Amino acid sequence: MWKNSPPDTEEVMAMVRAVAEQKWKESLAPRNANPADATFIGWRTYISDPFPLTWPSEDGTLVFYALARGMNPRALRDGEFVGPTWARITYSAQDKKTGLTLLDVRLESRGVQGVRPLRQEELEILELKPLDSLLGSRTAAAAQKLKSYYCLQLSLGNIPSEAITAHAAFFNWLDCRAC
């Protein structure tokens, strides 16, 4: 699949984060907000796990989603405010280039999402680095670990609905009902 060596995953994530952070600052970062205001939400951007553009992936093109998450320091909760999935970022492993498409720039809360305590076996599943797995070799054992990882993330509510729709073939392959 690779012309030379596979991409360095830390370099990939640094490129994706840099593109997202720059666009966040230009387009979405709140300005002149007052943390003393009861309705204040301190927003930040978060990058999703990668998803293959096509499945099965032939060229290693990956898609990441940039999401807005926030907190209000005056109203602590067991969770964080969920904002929009505001951008779709593509990364081409062949030419090592990124692209960003804005999706929804209305920075408003869509509710609060918390977390539940994780069991030891779930913590072990979450040790997987999905970018390494998607760009690495495809053994049966690696495929099963990848399925377990994404199905757990889906059950925890950590996968944006936009990704499920846009990457239907990948989610069909995951077959999370079987996990």
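Each value in this text was obtained by applying a stated rule to the coordinates, not by laboratory testing. As the structure is a computational prediction, the values presented were derived from the model and not from experiment. Positions of Cβ are backbone-derived with ideal geometry, glycine not excepted, and every protein chain shown enters the neighbour counts.
Relative to the longest principal axis of the Cα atoms of the chain, helix 140-155 runs at roughly 20 degrees.
Subtracting the Cα-Cα distance from 0.36 nm times the residue separation, let me have the gained length for residue 138 to residue 10 in nm, one decimal.
Details: separation 128, 0.36 × 128 = 46.08 nm, distance 2.00 nm.
Stretched fully, the residue 138-residue 10 segment lengthens by 44.1 nm.
Placing R0 at 45 angstrom, the Cβ-Cβ distance between residue 26 and residue 173 gives a FRET efficiency of 0.80 after rounding to 0.05.
Only lysine pairs 8 or more places apart or on separate chains count here, and in region 9-178 those with Cα atoms under 22 Å apart total 7. Which shape class, rounded, prolate or oblate, goes with region 9-178 when its Cα gyration tensor gives a ≥ b ≥ c as root eigenvalues, a/c under 1.5 marks rounded, and past that a/b bigger than b/c marks prolate? Oblate is the answer for region 9-178, as a/c is 1.5 or above yet b/c matches or exceeds a/b.
Pairs of alpha-carbon atoms within less than 8 angstrom and 6+ residues apart define the contacts here; what relative contact order does the chain have, in percent?
On the way: 257 pairs, mean separation 36.5, N = 179.
Once normalised by length, the contact order is 20 percent.
Counted residue by residue at 0.36 nm each, then reduced by the alpha carbon distance between them, the extension gain from residue 126 to residue 38 reaches 28.1 nm.
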